[in-house]
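Report on the structure given below.
The values are calculated or read from the model by the stated rules, or taken from the named source; none is laboratory data. In this text, all values refer to a predicted model and were calculated from it rather than measured experimentally. Note that each Cβ is placed from the backbone with ideal geometry, even for glycine, and that neighbours are counted across all protein chains shown. The protein model used for the area step is the full one, side chains on, heavy atoms only, and it has no ligands, DNA or RNA in it. Shrake-Rupley method; radii C 1.70, N 1.55, O 1.52, S 1.80 Å.
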Amino acid sequence: MSHRKTKILSLFSLLIVVAMVLGACAPAAATPAAPAAGKLAVGIVLPTKDEPRWIQDETRFKDALKAAGYDVEILFSQGSSAIEKQNVESLLTKGIKVLIICPQDGTAAAAAADEANKAGAKVISYDRLIRETASVDYYVTFDSVAVGAQQAQYLVDHAKGQGNPLYLYAGAASDNNAFVFFQGAWGVLQPKIADGTFVIKNSSEAVGLQAKATLTRDEEAKIIGQVTTNWDFNTAKNLAEANLTAAKAADKGNVFILAPNDGTARAIADAFGADKDVKSYLVTGQDAEKASVQYIIDGKQSMTVFKDVRTLVKDAIAAAVALLKDTAPAAKGSYNNGKADVPAIQSAVVTVDKANVKAGLIDSGYYKATDFTGLP
Ligand code: GAL
């Protein structure tokens, strides 16, 4: 048998060995093994392309995963839990071993997580918590209580005297984060409502509960039900305009506005800015979207809570790699999602206003100075 033939044979057997070794160390069906060549290792599902926040995450994921040398597919659910489930199913057919998913609706996404789990894939809940299922293996997020608390603290720090008009707005009730943000804000605002610094102008439910320092989830749901923006620009604008129409001139003047994120903050700021009885307004935000950073520079939005998405992406990839290697990602605590305590890691957040916009967002390399005009 010619020398060349033996060589090919030994190479082939080597390959088999490798496959076998891989096979051998691949644990039971439930735990992920390294994907076969051409198979997708990690699949990512994000809520919608219609919000700058999630385009931000897509970009940062692509940058980071390209650097890590992993194939990845990022799909968007366009605000629909049905499309979200289809996205998950299509990724599972491509053999993913880890699903990174930011749910459109935290409870509706449980079905997709269960399906992924049944198919042997690990599930990482990204930014928002998937609720009411034990199929979530890990959760990467920001300190969402601190987001709400920092928004509220900004209003408190700028309020003088008594009777300051306060307008409350919240995120989508389908998003677990909306409750956590509101919990953080209420914890800081409630004592200042109770002592008369602020007077709530646009929520009878909140007025009814203003003596309570800590609210139950049902009580939060009642208030959120009245002041939700559904994370939608137009919903926020229409709600703010309706509140302003219903309010008397005496309920306006120098007003304080808790807006849940940047997209809704700009819509609400435009509505209050256009009202002749509003002399000045302070409005909060979240996400440091470019358009809102420009609003802050131009004095049309007061602050935002910067959540460095590069950190969230890094934590998600580190967790995916650990799970792909059948090891438990590093967890700093857990979140109870109604069915299980999900191991989690959460990152800190930073308040950004006109005074530290350069240090917080330009010097940190998050944005370029040329992305804005009039930078202080
Ligand atoms: C939240 C997220 C925020 C915000 C919002 C709207 O869950 O944490 O950063 O952007 O969704 O999509």
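Taken together, the residues in segment 159-179 that are open to solvent by 20 Å² or more (accessible area, probe 1.4 Å) and within 16 Å of the ligand (Cβ to nearest atom) amount to 2. Here the condition is being surrounded by fewer than 22 Cβ atoms within 10 Å (Cβ to Cβ), outside any helix (DSSP H, G or I) and either aromatic (F, W, Y) or free of Cβ contacts under 8 Å to residues at least 60 places away in the same chain (or both); of A359, A322, A355, it holds for A355 alone.
Based on this model, can you work out whether N261 counts as more than 22 Å from D371 (Cα to Cα) and modelled with pLDDT of 95 or more? Against the criterion (more than 22 Å from D371 (Cα to Cα) and modelled with pLDDT of 95 or more), N261 does not qualify. Just to be sure before I move on: is K276 part of a loop (DSSP other than H, G, I, E, B), without any contact (Cβ under 8 Å) to a residue 12 or more places away in the chain and out of contact with any Phe, Trp or Tyr (no Cβ under 7 Å at 6 or more places or on another chain) in the structure I sent? Yes, satisfied.
With respect to (1) outside any helix (DSSP H, G or I); (2) under 25 Å from L361 (Cα atoms); (3) within 16 Å of the ligand (Cβ to nearest atom), the lone exception for G263 is condition (1).
Note on segment 233-245: among residues that are of a type outside the set (A, V, I, L, M) and open to solvent by less than 60 Å² (accessible area, probe 1.4 Å), the one that is nearest to V145 (Cα to Cα) is T235. Elements of the type strands (runs of 3 or more DSSP E) sitting completely within segment 63-156 and holding at least 1 residues that are within 16 Å of the ligand (Cβ to nearest atom) and open to solvent by 10 Å² or more (accessible area, probe 1.4 Å): these cover 72-76. Criterion first (of a type outside the set (D, E), at pLDDT 95 or above and in contact with a Lys or Arg (Cβ under 6 Å, 6 or more places away or on another chain)) does V309 satisfy it? Considered against the rule, which asks whether it is of a type outside the set (D, E), at pLDDT 95 or above and in contact with a Lys or Arg (Cβ under 6 Å, 6 or more places away or on another chain), V309 comes out as yes. Taken as a whole, the structure leaves Q301 outside the set of residues that are in a helix (DSSP H, G or I) and farther than 21 Å from A348 by Cα.
Any residue in segment 183-197 that is away from the ligand (no atom under 15 Å from the Cβ), crowded, with 16+ Cβ neighbours inside 10 Å and assigned to a loop (DSSP other than H, G, I, E, B)? Checking segment 183-197: at least one residue is away from the ligand (no atom under 15 Å from the Cβ), crowded, with 16+ Cβ neighbours inside 10 Å and assigned to a loop (DSSP other than H, G, I, E, B). There is no residue in segment 283-295 that is open to solvent by 10 Å² or more (accessible area, probe 1.4 Å), over 17 Å from A152 (Cβ atoms), of a type in the set (D, E, K, R) and away from the ligand (no atom under 16 Å from the Cβ).
Within segment 233-260, if we keep just the residues that are within 17 Å of F182 (Cα to Cα) and not in a helix (DSSP H, G or I), the residue that is farthest from the ligand (Cβ to nearest atom) turns out to be F256.
Note on segment 206-225: among residues that are under 22 Å from Q104 (Cβ atoms) and not aliphatic (A, V, I, L, M), the one that is least open to solvent (accessible area, probe 1.4 Å) is E220. Of the residues making up segment 255-271, those that are in contact (Cβ under 8 Å) with a residue 40 or more places away in the chain and either among the aliphatic types (A, V, I, L, M) or surrounded by fewer than 22 Cβ atoms within 10 Å (Cβ to Cβ) (or both) are V255, I257, L258, A259, I268.
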